[in-house]
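Asks: Have a look at the structure that comes next, please.
Just so it is clear, none of the values below were taken in a lab; they were calculated from the coordinates. Please read these numbers as outputs of a predicted model, since none were measured by experiment. In this analysis, Cβ positions are derived from the backbone assuming ideal geometry, glycine residues included, and neighbour counts consider all displayed protein chains.
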Amino acid sequence: MKKNLSIILPCYNEEEVLPISSEKIMGVLLDLINKGKISNDSNIVFVDDGSSDKTWTLIERLVDSDSNHYNGIKLSRNFGHQNALMAGMTSQVDKADMIITIDADLQDDIAVIEDMVDAYNKGYDVVYGVRNNRDSDTAFKRKTAETFYKLMNKAGIEMVPNHADFRLLSQRAVNTLLSFPEKNLFLRGLVPLVGYPNTKVYYSRKKREAGESKYPLKKMISFAKEGLTSFTILPITFVRNLGYIVLSIGVIYTIYTLIQWSKGAVENGWSSIIITLWLLGGFQLISISIIGEYIGKIYWEVKHRPRFIIETNLTGEVKEDHER
Ligand code: UDP
Ligand code: MG
């Protein structure tokens with residue numbers, strides 16, 4: 001029997017790019033259906049992550065035009081890219097044998113979707129889309145990304161370099177992924193923890209088809225949203241900065257005291273006491289702030305807030321985060 005595929009596209013204010021991407025991605029889906037690689041009831045699912053433009057109207061129109069192959073899910077507000085992906089996967093996992101997630105701007109190469117499906121048919125549960133170049137990125141983004149992957153690897157976090165959220169997951173891999181309860185979602189780090197046979201397909205990433213990157217804007221929105229809670233995180237930052245200041249003063253003072261001491265200009269014992277005092281003070285403040293960062297994370301986890309809230313599902317039932 002042919003397997004069912006769901007392609008999930010998170011959309012946040014993507015009215016400019018949606019008409020182009022929906023057509024292109026539908027082309028790929030129909031091609032795969034015609035080639036007999038996936039079942040005829042495979043579909044494309046748009047997750048509207050609380051857009052404020054015409055994104056949802058466009059999605060509704062698409063679903064109206066072909067509700068067998070399009071589905072639309074609307075979140076009750078903006079939950080962020082990663083949560084939108086979780087919402088999409090949660091709603092599709094019961095019927096989809098495999099799920100592909102891809103950005104709505106189609107910066108990733110839709111031509112390799114077929115390779116992903118082929119890999120699935122060969123028995124792979126996880127197929128990572130990996131960029132083989134970063135030409136479309138600025139030098140700054142390339143450098144920061146490289147440093148980031150190096151740091152993560154050093155910290156023992158197994159990640160696939162140059163892989164973003166373009167991947168295929170089998171039904172059992174999605175089910176396993178959905179059983180991870182954490183709220184601070186970072187799918188790139190989580191998916192490797194799922195295990196199962198996995199492989200990579202390579203492609204070159206293009207520039208956005210239309211519209212603008214939602215990330216700078218998104219960051220600003222989340223800043224505003226978290227304005228209320230920031231007082232719980234600001235003191236930690238304050239303590240950390242204070243730690244740096246105290247430590248710097250400590251270092252300067254150490255040098256000064258040692259010079260004074262070598263001239264015999266200070267009382268016995270005074271130098272060692274004053275140096276220890278300042279250096280230890282600085283180290284302690286920094287240590288406290290590091291512990292604070294972790295406590296901050298625990299604080300978010302214990303709340304058990306839903307990671308997404310689905311308001312509407314145009315062709316299926318509305319599922320909640322805790323139903324998994
Ligand atoms: N996105 C989302 N919610 C957000 C921000 C972004 O669903 O709060 C979606 C966005 O519509 C796109 C994908 O996540 O499909 C990646 O965003 P974008 O292309 O802006 O990021 P970039 O490619 O610039 O890193
Ligand atoms: Mg993009």
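Asks: Too long at a 26 Å Cα-Cα cut-off: which of Lys3/Lys150; Lys154/Lys183; Lys141/Lys206; Lys150/Lys303; Lys37/Lys200?
Replies: Flagged as over cut-off: Lys3/Lys150; Lys150/Lys303.
Asks: Something else: Remind me, relative contact order of the chain in percent, using alpha carbon pairs under 8 angstrom and six or more residues apart?
Replies: Normalised by residue count, the contact order of the chain is 22 percent.
Asks: Here is a follow-up. Count the net charge of all other residues whose Cβ sits under 11 Å from the Cβ of Thr199, scoring Lys and Arg as +1 and Asp and Glu as -1.
Replies: 0
Asks: Calculate one ³J(HN,Hα) per residue across region 247-264 by plugging θ = phi - 60° into the Karplus curve 6.51 cos²θ - 1.76 cosθ + 1.60, and present them in order as whole Hz with x for glycine and proline.
Replies: 5, 4, 4, x, 5, 4, 5, 4, 4, 4, 5, 5, 5, 4, 5, 5, 7, x
Asks: While we're on this one: Please label the shape of region 234-302 as rounded, prolate or oblate, based on the square roots a ≥ b ≥ c of the eigenvalues of the alpha-carbon gyration tensor (a/c under 1.5 means rounded; beyond that, a/b larger than b/c means prolate, else oblate).
Replies: Prolate, since a/c reaches 1.5 and a/b exceeds b/c.
Asks: Right, something else. List the pair-distance distribution P(r) of the chain, using every Cα-Cα distance, as the percent of pairs falling in each 20 Å bin from 0 up to the bin containing the longest distance, rounded to whole percents.
Replies: Bin by bin from 0 Å, the calculated values are 27, 49, 16, 7, 1.
Asks: Right, something else. How large is the helix-only mean residue ellipticity at 222 nm for the chain, computed as the sum of -39500 (n - 2.57) over DSSP H runs with n ≥ 4, divided by its residue count, in deg cm²/dmol to the nearest 500?
Replies: When only DSSP H runs of four or more count, the value is -16000 deg cm²/dmol.
Asks: If the chain between Lys141 and Glu23 were fully stretched, how many nm would it gain, using 0.36 nm times the residue separation less the Cα-Cα distance?
Replies: Length gained, Lys141 through Glu23: 39.5 nm.
Asks: Still on this structure, I have one more. Rounded to the nearest 10 degrees, what's the angle between the helix 81-92 long axis and the longest principal axis of the chain, both from Cα atoms, 0 to 90?
Replies: 40 degrees
Asks: Tell me the angle of helix 18-34 to the major Cα principal axis of the chain, expressed in degrees between 0 and 90 and rounded to the nearest ten.
Replies: So the helix axis and the longest Cα principal axis differ by about 60 degrees.
Asks: So, one more: If I model a spin label as a point 7 Å beyond the Cα along the Cα-Cβ vector, how far apart are those points for Arg134 and Asn40 in nm?
Replies: The two pseudo-label positions are separated by 4.6 nm.
Asks: How far apart, in nm, are two points set 7 Å out from the Cα along the Cα-to-Cβ line at Val266 and at Ser52?
Replies: 5.7 nm
Asks: Can I ask one more? Where is the GNM fluctuation largest for the chain (alpha-carbon springs, 10 angstrom cutoff): Leu280, Leu58, Leu32?
Replies: Result for the chain, Cα springs under 10 Å: Leu280 fluctuates most.
Asks: May I pose another question? To the nearest 10 degrees, how steeply does helix 55-65 sit against the main Cα axis of the chain, on a 0 to 90 scale?
Replies: 20 degrees
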